[in-house]
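The block underneath contains the structure these notes are about, expressed in structure tokens.
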Amino acid sequence: MESKLEFSAKITHSVCLSLESMGIVHGDFLEEVGLTPEKAFDPEAWIDAETLEKFLSYISYKIPTLSLKSIALEEFNLNGWGVLNQVLKILKTSLEIYSSPQSYLSYFVRPLSAFTWIEKTNENTVFQTELSSEEFPLVTDYLSGALEVVSAFVESEEDSSVFWTGNTVTIEWGEKNEIQNSSQISSSLSSSDSAPDLNSTQEQLIQSVKHLEDYFLRSRQLISLIKAESGKKRWFNKALQRLDWDNLESHHQNTVEDLISMIKQGSDNFEGDEKTSLDDEEFQLKMQ
């Protein structure tokens with residue numbers, strides 16, 4: 001049996017908060033489509049797709065100048081998406097979302113059917129999905145803003161641009177510093193044209209380990225946020241058991257410190273061997 005299409009009440013919550021900020025009473029809009037404030041303001045609730053599109057259509061009819069995409073672009077300040085807002089605020093790069101947009105969109109659409117990659121590079125992402133802007137023009141307009149606002153949650157990143165045309169979604173953004181840094185590190189480690197800069201390589205390795213530690217710490221923040229919402233649910237506890245989360249959490253700091261110590265020790269040993277080799281060469285020259 002095919003699942004019924006639904007949209008997240010994150011959308012209604014965000015829109016209603018925006019209306020409130022403009023001094024507009026939203027009660028009549030909700031009542032017109034049979035939505036209760038309790039459901040419309042619950043970021044974890046789901047609403048029938050046609051009902052939510054009708055809700056947005058009625059608002060657009062009453063307020064013709066209102067841009068739903070612009071409302072989504074205000075989300076950094078609106079905080080209408082519940083836990084998702086907190087997840088976005090710990091992002092290091094928008095690439096974390098744009099490299100897997102289907103996971104992100106699943107916060108707003110269920111089921112997200114027929115997802116297909118068209119193009120995927122360091123500068124843009126193009127994909128297709130069954131959700132069409134022709135069938136749901138207002139919801140997809142909001143969702144294009146929801147995708148575009150991701151870059152606003154990341155410091156020192158240029159704005160992205162999102163276009164939802166029919167079933168095709170295009171996300172454009174500049175090449176990310178993280179990708180550039182990774183390429184530079186790879187190039188430095190593999191270059192054979194120049195003498196190795198041991199201190200530089202050591203520092204890069206240590207920074208890479210610290211980046212991994214940072215990812216773990218953000219994962220721990222995310223686990224804590226989800227635990228607050230779903231900590232008593234069986235599926236969540238089973239997931240933590242499969243990950244051996246308690247063991248990972250208790251040992252990660254020692255593991256990081258051991259890795260950094262090994263890198264530094266390896267560097268010291270290399271420098272010691274190099275010094276011994278130079279001393280031997282000097283001795284041979286004196287003997288000649």
What distance in nm lies between label points placed 7 Å from Cα along the C-beta direction at residue 254 and residue 119? 5.1
Sequence-separation-based contact order of segment 92-166, relative, with Cα cut under 8 Å and 6+ spacing, percent: 26
Using packing as a proxy for protection, rank 61-73, 3-15, 112-124, 93-105 so that the peptide with the highest average count of other Cβ atoms within 10 Å comes first. 3-15, 93-105, 61-73, 112-124
With a ≥ b ≥ c from the Cα gyration tensor eigenvalues, square-rooted, and the rule rounded for a/c under 1.5, otherwise prolate when a/b > b/c and oblate otherwise, segment 1-86 is oblate
Could you sort 165-173, 256-264 so that the peptide with the highest average Cβ count within 10 Å comes first and the rest follow in order? 165-173, 256-264
Distance check, please: which entries in 39/120; 39/69; 238/264; 69/120; 69/92; 54/238 exceed 28 angstrom between their Cα atoms? 39/120; 238/264; 54/238
Diffing segment 105-111: the Karplus 3J(HN,Hα) column from phi (6.51, -1.76, 1.60, θ = phi - 60°), in whole Hz with x for Gly and Pro, holds 5, 5, 6, 10, 10, 8, x
Burial ranking of peptide ranges 49-59, 144-154 (average Cβ count within 10 Å, highest at the top): 144-154, 49-59
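Could you tell me how many cubic angstrom of Cα convex hull volume segment 37-143 has per residue?
123
Computed from the coordinates by the stated procedures, all read-outs in this text should not be read as laboratory data. Only a predicted model underlies this, so the values are computations on that prediction, with no experimental measurement involved. Heads up, the Cβs are rebuilt from the backbone with ideal geometry, glycines too, and the neighbour counts pull from every protein chain shown.
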